[in-house]
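Undergrad: Okay, handing you the structure first.
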Amino acid sequence: MAERMTEKTDITIFGGTGDLTFRKLIPALYTMFRTDKLPGGSHITIIGRRDYDDEAYRELARPWVERFSRLPYDGEAFQAFSQLISYYRMDFTDPGAYPGLEAYYVKGHQDRQTDAQLFYLAVAPRFFGKIAEGLKSLKGLAPSKIVVEKPFGETLEEAAALSAELETCFGADSVYRIDHYLGKEMIRGISTVRFDNVLFENVWDSRCIESVTISALEDVGVEERGGYYDTSGALKDMVQNHLFQVLSIVAMERPADFSAKALHDAQLAVLGALRRPAAADLADTLVLGQYQGYTAEPKVAADSRTETFGALRLFVDTPRWQGTPFYIRTGKKTGIRQTTVVVTFKHRAPEGQPDTLIIEIQPREGIALQFNIKRPGDFDEVVPAKMDFLPELRPGKPAQHPRSLRAAAHRLPPGRRSLVLPMGPDRRKLAVHRRSEGPGKGRRADGPSLPPGRTGAAGCPGTAGAVWTPMGRSIGEKFTNWPPDRARSRTPHNFSFLPAARRTTAGRRPVRLRGRFQ
């Protein structure tokens, strides 16, 4: 369960000029400040090797907050937030630099009362031990916690040694190993959708589910992270941590309770039940690829064989999931930014398409359920219908939110109207959006499938126009359309249900689809 900060806390970030700090940590702290989740009197100390003063660092952080904050940027709010930030220059690999850090803390604690100390190591794992030893030497600190994120060592043996070293310095209960992916709204909601809705709980097994596809596709390359990425690759960077976490939440049994330990045990049981493929089956299990131009990226070896794309077919050998494939795919420069979980149900009827549950994690957050209906009117045709839940249109949020309206209006066929009706006290307000673009003006909806024959990773959905360098063997002809991605298809008869919106089409009675998700 989430643990909320309640004490005045001195937050210290080692690696304060790195990508993780600018993209994730500073925007997250800004959001906490804006939503009153950062306790009053807290302070943020940024530690780095570069020569900045407090004001220079604050200005350096400003554009990152503008770009990556979950809330709209507010200049006055950022100005107030930035006054909590101080920059301290030091070489954290030098044991002789820590007495100076101790003096800095002593002076700061004289100026402000501090109840707790939080150290966030946003640095490479090879520095964890050195920083822990340096912090252990400091005297007079408030009760301390230390936070580390992946990659937590490069081998299992190294990870075990790091754990032992950190626990020796801080105690086992004060070391937090986190995966920021688990903080995403829709990932946090997967277990609620599964276990609090009979509609899904009773069909969440191999009797009814054909396959599960977990995708994390990016439209950017490695950017400034070439030095790190070239030593890890797609499998270490995304699969063995973020996406395996998602897989374990999707596939786990109902925990005894929803405490942190019970959830941990339920997820660990899934990972322990993953079937290990035989060497002869590896070609039907794994696809690796590298985008064209990767070896020309800064800090990437010219002869690098590091994969920037990975796709796997996995099986969870538990009674619930016998025979159901789990597909995982991730890649850089795929031409699309999209993270989803698609649950495809078995389809036994001769007409229509399989029912699908789509959990959209980013950039759009929501849940969609696609199923078959009779085409409205004097027709016998079976067509798919789609019910959407968008958290950004949930009750209590203004229905005229421009992002919400754009998201709802974009899915309309050209020339159609959408009536967006708020729920609650603002119900009388009405906003109408029209899409007038003709064919070819909207976003591409039907991506190509994964590679036919021996083309490696080329042709992954969303990778139109990308050129891939094959790495190793392909998955073979029988996976020409692997994994199935019918959930992304659209038809002119796609009717959506939104918790705060109803869609109609001009000149017709609206098709009303009612539903409720927890």
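Values in this text are rule-based calculations from the coordinates and carry no lab data. Note that the structure is a prediction, hence the values are computed from the model and not measured. Cβ sites come from the backbone with ideal geometry, for glycine too, and all protein chains shown count toward neighbours.
Undergrad: Around K236, what is the net charge, scoring Lys/Arg as +1 and Asp/Glu as -1 over all other residues with Cβ under 9 Å from its Cβ? Intermediate results must be reported in sequence, preceding the final value.
TA: Numbers: positive: K150; negative: E154, D237.
Charge balance in the 9 Å sphere: -1.
Undergrad: Follow-up question, since we're still on this one. Can you sort L199, L101 from fewest to most other Cβ atoms within 10 Å of each residue's own Cβ?
TA: The order, fewest Cβ neighbours first, is L199, L101.
Undergrad: Please enumerate, by chain and number, the aspartates and glutamates with C-alpha under 16 Å from the C-alpha of K374, excluding those fewer than 8 residues away in the same chain.
TA: Excluding near neighbours in sequence, the set is E351, D355.
Undergrad: Another one. Would you list I190, I47 from fewest to most Cβ contacts within 10 Å?
TA: Least crowded to most crowded, the residues run I190, I47.
Undergrad: OK, next. Kindly list the residues of the range 348-375 that lie in the label zone of T35, defined by a backbone N under 19 Å from the point 7 Å along the Cα-to-C-beta vector.
TA: Within reach of a label on T35, which here means backbone N under 19 Å from a point 7 Å along Cα→Cβ, the range 348-375 contributes 360-367.
Undergrad: Could you tell me the relative contact order of the range 9-178? Use alpha-carbon pairs under 8 Å, at least six residues apart, and round to a whole percent.
TA: Here the relative contact order equals 25 percent.
Undergrad: Same structure again: Let me have the relative contact order for the range 142-268, percent, based on Cα pairs under 8 Å that are six or more residues apart.
TA: With pairs under 8 Å counted, the relative contact order is 22 percent.
Undergrad: Here's something else I'd like to know. Could you give the dipole magnitude of the range 290-383 about its Cα centre, charging the beta-carbon of Lys and Arg +1 and that of Asp and Glu -1, in debye to the nearest 20?
TA: 320
Undergrad: For the range 182-347, count the residues as N, evaluate 2.2 N^0.38 Å, and divide the Cα radius of gyration by that value, please.
TA: Ratio of Cα Rg to 2.2 N^0.38 Å: 1.13.
Undergrad: What list of ³J(HN,Hα) couplings, whole Hz, do you get for the range 10-23 from phi and the Karplus terms 6.51, -1.76, 1.60, once you set θ to phi - 60° and write x for glycine and proline?
TA: Values, residue by residue: 8, 9, 10, 10, 7, x, x, 10, x, 4, 4, 5, 6, 7 Hz.
Undergrad: Can you give the Kirkwood hydrodynamic radius of the range 127-267 from its Cα pairs, in Å with one decimal?
TA: Every distinct Cα pair counted, the radius reaches 18.1 Å.
Undergrad: Hey, got the dipole for the range 9-178? About the Cα centre, +1 on K and R Cβ, -1 on D and E Cβ, debye to the nearest 20?
TA: It works out to roughly 240 debye.
Undergrad: Using alpha carbons only, what's the Rg to Rh ratio of the range 9-178 with Rh from Kirkwood?
TA: On the Cα set of the range 9-178, Rg over Rh gives 0.95.
Undergrad: In the range 182-347, what is the count of Lys pairs whose alpha carbons are under 27 Å apart, counting only pairs at least 8 residues apart or on separate chains?
TA: So the count works out to 10.
Undergrad: Using Cα centres only, tell me the gap between the range 164-184 and the range 247-302 in whole Å.
TA: Going from one Cα centre to the other spans 21 Å.
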